[in-house]
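Below is one structure, written out as structure tokens; comments come after it.
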Amino acid sequence: MFNKEGIPFFTVIIPFLSILFIAFFATSYHLKVTNEAFDNSIKEYKQQYVLKSNDSQNLEKQIHKKTLEHKKYQKEFTDFMVVLTIAIIIFMALFSLLMISIISDVVKKYKEEVENKENKLQTLNKSLASKVAIGIEEGKRKDKAILQQSKLARMGSMINMIAHQWRQPLTELSGVLMELETATRFKKVTDNHILNSIERSDKMIEFMSNTIDDFRNFFKPDKKKEKFSVLDSCQKAINLINASLDDAKIKLIVDVKNDKQINGYPTEFSQVILNLLMNAKDILVEKEILNPKIVITIETKGLLSIVRVKDNAGGIKPEHFDLIFDPYFSTKDSSKGTGLGLYISKLIIERNMGGELSVSNDDEGAVFKIVLAG
């Protein structure tokens, strides 16, 4: 029912066939009606003629004459209907050709529009694919830049914490040397005094060497997941920053309600705890809070291990909540922070370890909450 261009012929053939059927039906019906009427008329004529006259020959002539007139009338009507039907057929044929031409143009234009849209869509898909590829490359470059900046920031923090860790043993080592120098000048030095000074100095140097090893191992990335204690991992971070907290006169409280072994990356988890402790320390120092303190709470709920790190620095401003974990966002001066610590921490907890890192405020300050499955 469709031609090569997809035009539905029945849209023009059905009206044409309908008109043709009506024409033939009207002709046949008219002929039938006129024949019945003619027969009835002849019967009435015969009855009237018999009553008036008994001349049968004249009657037959009259009937023959009327029959010829009736046939002539039927032939004229039939010829008229034939001519009318042919005219209708010609008109409908021309009309069909016109409709086919119009519909063909419409279909052709529609096909052209569809092809143009398909071409545009293909072009858009190609350009979109290239844009996505470019976006992925830019994202990779940004990630590399973020990681590089994070490494530099951690290196600066590490040097700062090493300086705090070394300050006390260096002071003690300097005291030992001054004591030894004074004894030597006054000729009061003894072998026992020298050996004692050497032993104390060795202990200080060993402590400083162990500090370097701790920092080196701390920032060494874990290659695979392993079972580790949440408390032990937190303690590693505390050991590194403890001297800095003491120097800033910040009280650190560790509240262990329940400890648990979890599966993950212990070194990376320690780095997250260290980031949170450093942020808390910086804000407490910046705001010059009286009686500053940081509280670490470790507990479990079913299969979950929950660690909270809170301070009493007054909390985070409401307008900063949606931005706090964004890269490069920081409320600190640009010389004191890169805005990458919390971003990296969230990646470690949520992407690497499948947990959740969130923040809220309580009556005293900010509360960072880490939730990990055991």
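The values are calculated or read from the model by the stated rules, or taken from the named source; none is laboratory data. In this text, all values refer to a predicted model and were calculated from it rather than measured experimentally. Virtual Cβ from ideal backbone geometry, glycine too; neighbours counted across all protein chains shown. These accessible areas exclude ligands, DNA and RNA; they are computed on the full protein's heavy atoms, side chains included. Shrake-Rupley method; radii C 1.70, N 1.55, O 1.52, S 1.80 Å.
Quick look at the numbers
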{"item": "Interchain or long-range residues, amide H under 5 Å from G355's placed H", "result": "E350"}
{"item": "Where K281, K109 fall by accessible area, highest first, once all protein chains stay in place (1.4 Å)", "result": "K109, K281"}
{"item": "Karplus-derived 3J(HN,Hα), 6.51/-1.76/1.60, for each residue of the stretch 299-312, Hz, glycine and proline x", "result": "8, 10, 9, x, 7, 9, 9, 10, 10, 10, 10, 10, 10, 10"}
{"item": "Protein-only accessible surface order, largest first, of E199, E350, E268 at 1.4 Å", "result": "E199, E350, E268"}
{"item": "Under-5 Å amide H pairs with I294, H placed in peptide plane, nonlocal only", "result": "K251, L252, I253"}
{"item": "Derived scalar couplings ³J(HN,Hα) [the stretch 346-355; Karplus, 6.51 cos²θ - 1.76 cosθ + 1.60; whole Hz; x for Gly, Pro]", "result": "5, 4, 5, 5, 8, 8, 7, 10, x, x"}
{"item": "Solvent-accessible ranking of K301, K120, largest area first, probe 1.4 Å", "result": "K120, K301"}
{"item": "For peptides 289-300, 236-247, 92-103, sequence by mean Cβ density within 10 Å, most packed first", "result": "236-247, 289-300, 92-103"}
{"item": "Karplus (6.51, -1.76, 1.60) ³J(HN,Hα), θ = phi - 60°, over the stretch 251-265, in Hz, Gly and Pro reported as x", "result": "7, 10, 10, 10, 9, 9, 8, 8, 9, 7, 8, 10, 9, x, 10"}
{"item": "Estimated FRET transfer efficiency (A93, L128; beta-carbon r; R0 45 Å; 0.05)", "result": "0.30"}
{"item": "Pairs from K251/K301; K236/K310; K287/K346; K346/K369; K117/K140; K225/K310 whose Cα-Cα separation, in the structure shown, is over 22 Å", "result": "K251/K301; K287/K346; K117/K140; K225/K310"}
